[in-house]
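Have a look at the structure below, then the notes.
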Amino acid sequence: MCPESEPEAAPAPLAGLSIFFPCHNEEANVDRVVGAALEAAARLTDDYEVIVVDDGSADRTAELTTALAEANPRVRLVRHPKNRGYGGALKSGFAAATKDWIFFSDGDGQFDLGELPVLAALVADGECDLALGYRIKRADPLIRSVNARLYKGLIRVLFGLKVRDIDCAFKLIRRAVFEKVTLEAEGALISAELLIKAKKAGFRMRETGVHHYPRQAGEQSGANLGVILHTFREIFRLRRQLR
C-alpha cells in the first residue's frame, strides 16, 4: 500500500470521471447530492457523468432522478426493480460507469463532494489506483461506530487488510481495477472485498481524511441483525474463496 498522505485540496485534472450514488429511499437527498456531484466533477474534468443507482426505492428517488436526467444529459438513472442490498447497488454502479475514473459516495449526503479534489490529488502522479477517504470524525450513532471498529478488526485479522476506514463511502478508483477484480458480495462486505482483492491483485492505494456530517434527511439503514448475519456469511465465504 502506498504511504498515507495529506495533499493540498487543489483540483487535479482527471481524464474522465464517473460519479455514482447507491440510493434507497433518498428522495429528500437525491437532488442535493446530484447537484453537488455535477459541480465537483466539473472542477476536475470536462468528461464526466453522474449516475444514481436506485436500489428498489419505495419513494420518489427514481422519479426525481429521471427529472434530473431529462434536464441534464450527464445524469443517468440505473434502477433495481427490487432491493438488492448495498453490494448489489455498488456492483451496478461500477458496471454502469464508463469513464477512466470512478468515484462513489452514499446517497444520504453525509460527505462534502467539494472534497473530491483531495482524492484526485492522490492519483495525480499516476502512482495510485485507489484513493480512499477515511472519516476524520464519524457523525454516526455510537453503536454504528462500535460495530465499525469491531468489523475493521475482524477484517484485519482474517485478511490482513490495513486501512483506516474500510467502509468510508468516499473512494476514487481507476476503472482498470475492475478488469482484474470481480466483486461478488451483495451486502455490506462489498467495500472490504474490493480492497482485499485490489490489494491481492497488486493495485496501489493511498488514504486521506475527509469530513463526515450528520444525515440531514431520510433514515439510516444497514445496522439490523439480518444485515449483520448476512455480512458474516459473506466474510467467511470470501475467506474460503481466497485460501
Can you find even one residue in region 186-200 that is under 17 Å from Gln241 (Cβ atoms), assigned to a loop (DSSP other than H, G, I, E, B), in contact with a helix residue (DSSP H, G or I) (Cβ under 8 Å, 6 or more places away or on another chain) and not hydrophobic (A, V, I, L, M, F, W, C)?
-> yes
Selection within region 139-166 - buried (at least 16 other Cβ atoms within 10 Å of the Cβ) and of a type in the set (D, E, K, R) | Asp140, Lys152, Asp165
Scan (1) over 25 Å from Gly209 (Cβ atoms); (2) under 16 Å from the mean Cα position of the chain (by Cα); (3) of a type outside the set (A, V, I, L, M) for the single condition Phe103 breaks and write down its number.
-> (1)
If you go through region 64-104 one residue at a time, how many are touching a residue at least 24 places away in the same chain (Cβ under 8 Å) and either among the acidic types (Asp, Glu) or farther than 18 Å from Glu193 by Cβ (or both)?
-> 20
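Given the criteria of a type in the set (Asp, Glu) and either over 21 Å from Glu39 (Cβ atoms) or in contact with a Lys or Arg (Cβ under 8 Å, 6 or more places away or on another chain) (or both), does Asp112 qualify?
It is false that Asp112 is of a type in the set (Asp, Glu) and either over 21 Å from Glu39 (Cβ atoms) or in contact with a Lys or Arg (Cβ under 8 Å, 6 or more places away or on another chain) (or both).
Does Leu225 qualify as being in contact with a helix residue (DSSP H, G or I) (Cβ under 8 Å, 6 or more places away or on another chain), modelled with pLDDT under 90 and not aromatic (Phe, Trp, Tyr)?
no
Answer yes or no as to whether Ala188 is small (Gly, Ala, Ser) and modelled with pLDDT of 90 or more.
So Ala188 fails the test.
The values are calculated or read from the model by the stated rules, or taken from the named source; none is laboratory data. Since the structure is predicted, the reported quantities are computational estimates derived from the model, not experimental observations. Don't worry about glycine lacking a Cβ; one is built from the backbone with ideal geometry, like all the others, and counts go over all protein chains shown.
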